[in-house]
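Worksheet for the structure shown next.
The values are calculated or read from the model by the stated rules, or taken from the named source; none is laboratory data. In this text the structure is predicted, and so the values were computed from the model without any measurement. Heads up, the Cβs are rebuilt from the backbone with ideal geometry, glycines too, and the neighbour counts pull from every protein chain shown.
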Amino acid sequence: MAHNQASQVDEILKDLQSTPGFKAYIILNSDGIVIRHTMDSNERAVQHAHHITELYNDSAAQIKDLFDHPEDSRVENVRMRTENYEMIVSSVGSFTLAVFQEETA
């Protein structure tokens, strides 16, 4: 069963990488440790992971402060655009996926 799940993840990542504009991805565990990445170096992936974890946690805390109802305060995705790329971060269960793509107009 675990092998089948790994195959599904590999297939999804393969499809993701074939998407036009794709640059890189990072998968983090619940402690913010890089599990997989396609960055140009491990050091760069770890540096991004640190900032992604802070951004995601800070965003979740701020949203929680804004809304009175717990069901309204769950952060599912964080999306950020810079001059160089767009980053989409999504957390599911104990894993976080950050995808970097070319900045779109």
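Side notes on the structure shown:
Rundown of residues vs (1) within 25 Å of I33 (Cα to Cα); (2) more than 14 Å from the chain's Cα centre (by Cα); (3) of a type outside the set (A, V, I, L, M, F, W, C), yes/no style:
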position	(1), (2), (3)
Q62	yes, yes, yes
D65	no, yes, yes
D68	no, yes, yes
E71	no, yes, yes
R79	yes, no, yes
T96	yes, no, yes
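- Of residues in the stretch 65-94 being of a type in the set (A, V, I, L, M, F, W, C) and out of contact with any strand residue (DSSP E or B) (no Cβ under 6 Å at 6 or more places or on another chain), the one farthest from Q47 (Cα to Cα): F67
- Flag for H37 being modelled with pLDDT of 90 or more and in contact with a strand residue (DSSP E or B) (Cβ under 6 Å, 6 or more places away or on another chain): yes
- Residue tally, condition within 22 Å of A6 (Cα to Cα) and among the small types (G, A, S), over the stretch 56-105: 5
- In the condition set (1) at pLDDT below 95; (2) touching a His at 6+ places or on another chain (Cβ under 8 Å), D15 is compliant with all but (2).
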